[in-house]
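Asker: This is the structure I have questions about; it appears just below.
The values are calculated or read from the model by the stated rules, or taken from the named source; none is laboratory data. Every value quoted in this text rests on a predicted model; they were computed, and no experiment measured them. All Cβ positions, glycine included, derive from the backbone under ideal geometry; neighbour counts span all protein chains shown.
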Amino acid sequence: MACVLCPNSLFQIFKHKKSFDDPPQRRQFTGTRVPSPIDSKITNMSTTGSDNDFTATDNSKLDTNADALVSPKKYQQTSHKFIPRYNGPHPSQMTPAQTTIYESIIQSRPLTGISGPFGPWLAIPSIANPAQELGKACRYGTSLSFRESELVILLTGARHKSHAEFDIHVGEALRAGICISLIESIPRDGDFSSLAVEEEIVPLLLVELEGSAREVEIVRFVAELLETSSISDERYNAAKQVLGESVLVEVTSIVGYYTFCAYTLNVFRIPTKDASASSDSDGGVAKKGDQS
C-alpha cells in the first residue's frame, strides 16, 4: 500500500544517524491526530527520517496539491558489519542429522540459505528442526496480512534491541507497503515502551497512513505484551473485540517466535547481509522473506 501524506499535515524531515551503541533519537510528528482511548492527553508530536540503505521509492511523493516532493529515502543498516561470535557448525563438520536439516533449509530458502538465526540453531538439530517449522507457521500459516506480520516483527526487534532482526525486516516491511516514515518512527532500544508506541506509531496509523482499526489494535496489543510480558484485562478485551481470540493466539505466537530469533541474533551477533542483497532477496516480489 503506497503511503501518501495529506497536504494539511506535511512532515518536516530531518536526518539523523543510528548506531548500535547509541539508541536512536525519539521520532516525533506534528499535525492532526485522532485522540487515543488509552491516552487522551497526547496533543502535539513530530517525526523525522534518516539516510537509509533500503530505498522507499513508492513512498516518496507528497499529495500533488502540496506542490512538494520528499526525496527518496533509504534506511541505514546497523548490523551488517557485526562480527559474528558463532555461525553454527561448518557443513564439512555436520552430523547426518544436521546435514539433513541444513539441506532442507537450503532447499526452502534458496536465495539466503543459512542466514539469520538458523546457523546457531543447527548446532542442536532437535531445536533447529522444530524452530524452522514454527517459523514457517508464524510467517505463512496465520490469518495476518504480510503488512500486519511485519508490524509485529519490527516492534519485536525494536523492543529486544535486535538490530539484525530489525534490519532484516525493514526490507520486508517496505515491500509489504509500510511507509519508511512509520518504520523510522518505531521507538527502539531504550526508547521502547507501550506509551511511546501509542504516541509515535498509533497516530500515524490513525491519521497519516490510514491504517485500519485492526492494525491499530494489533500494534497496541503487541506493544503492551512486549513491555510487560503480559496483557491487562482492558487491552485483552479491546483486542478480542476487534481481532478475535484466534488472531490473538497468532499475534502472541509471532511475538514469541521472533523474540526467540532476536535473542539468538543478539547473543551470537549474527550480521545481516549487505543492504543491496537484503532488499533484493525476493527479486522485488512482495512475499514474506526468508532470512528469519
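Asker: Can you list residue pairs whose Cβ atoms sit under 8 Å apart, with the first residue in region 217-245 being without any contact (Cβ under 8 Å) to a residue 12 or more places away in the chain and the second being in a helix (DSSP H, G or I) and of a type in the set (A, V, I, L, M, F, W, C)? Count only pairs 6 or more apart in sequence or on different chains.
Answerer: Taking only residues 6 or more apart or on different chains, the pairs are Ile231/Phe221; Ile231/Leu225; Ile231/Ala239; Lys240/Leu248.
Asker: Here is a further query. State whether one or more residues within region 247-254 are surrounded by fewer than 23 Cβ atoms within 10 Å (Cβ to Cβ), under 26 Å from Ala128 (Cα atoms) and among the acidic types (Asp, Glu).
Answerer: yes
Asker: For region 131-150, check the following and say yes or no: at least one residue is basic (Lys, Arg), without any contact (Cβ under 8 Å) to a residue 60 or more places away in the chain and either in a helix (DSSP H, G or I) or under 25 Å from Ser229 (Cα atoms) (or both). Write out each step before concluding.
Answerer: Kept after step one, since they are basic (Lys, Arg), are these residues of region 131-150: 136, 139, 147.
Next, from what is left, pick out any that are without any contact (Cβ under 8 Å) to a residue 60 or more places away in the chain: 136.
Next, only the ones that are either in a helix (DSSP H, G or I) or under 25 Å from Ser229 (Cα atoms) (or both) stay: 136.
Checked region 131-150: at least one residue is basic (Lys, Arg), without any contact (Cβ under 8 Å) to a residue 60 or more places away in the chain and either in a helix (DSSP H, G or I) or under 25 Å from Ser229 (Cα atoms) (or both).
Asker: Answer yes or no: is there a residue in region 164-187 that is in a loop (DSSP other than H, G, I, E, B), modelled with pLDDT of 95 or more and surrounded by fewer than 22 Cβ atoms within 10 Å (Cβ to Cβ).
Answerer: no
Asker: Still on this model: Inside region 230-246, can you point out the residues that are surrounded by fewer than 15 Cβ atoms within 10 Å (Cβ to Cβ) and not charged (D, E, K, R)?
Answerer: Result: Ser230, Ser232, Asn237, Gln241, Gly244, Ser246.
Asker: Could you check, for region 71-89, whether at least one of its residues is farther than 21 Å from Ala164 by Cβ, of a type outside the set (Gly, Ala, Ser), at pLDDT below 70 and in contact with a strand residue (DSSP E or B) (Cβ under 7 Å, 6 or more places away or on another chain)?
Answerer: Yes, region 71-89 contains a residue that is farther than 21 Å from Ala164 by Cβ, of a type outside the set (Gly, Ala, Ser), at pLDDT below 70 and in contact with a strand residue (DSSP E or B) (Cβ under 7 Å, 6 or more places away or on another chain).
Asker: Report whether or not Glu227 is at pLDDT 95 or above, surrounded by fewer than 19 Cβ atoms within 10 Å (Cβ to Cβ) and either in contact with a Ser or Thr (Cβ under 7 Å, 6 or more places away or on another chain) or part of a loop (DSSP other than H, G, I, E, B) (or both).
Answerer: On the way: at pLDDT 95 or above: yes; surrounded by fewer than 19 Cβ atoms within 10 Å (Cβ to Cβ): yes; either in contact with a Ser or Thr (Cβ under 7 Å, 6 or more places away or on another chain) or part of a loop (DSSP other than H, G, I, E, B) (or both): yes.
Taking the combined requirement at face value, the residue satisfies it.
Asker: Determine, yes or no, whether Ala196 is modelled with pLDDT of 95 or more, in contact with a Pro (Cβ under 8 Å, 6 or more places away or on another chain) and surrounded by fewer than 24 Cβ atoms within 10 Å (Cβ to Cβ).
Answerer: It is true that Ala196 is modelled with pLDDT of 95 or more, in contact with a Pro (Cβ under 8 Å, 6 or more places away or on another chain) and surrounded by fewer than 24 Cβ atoms within 10 Å (Cβ to Cβ).
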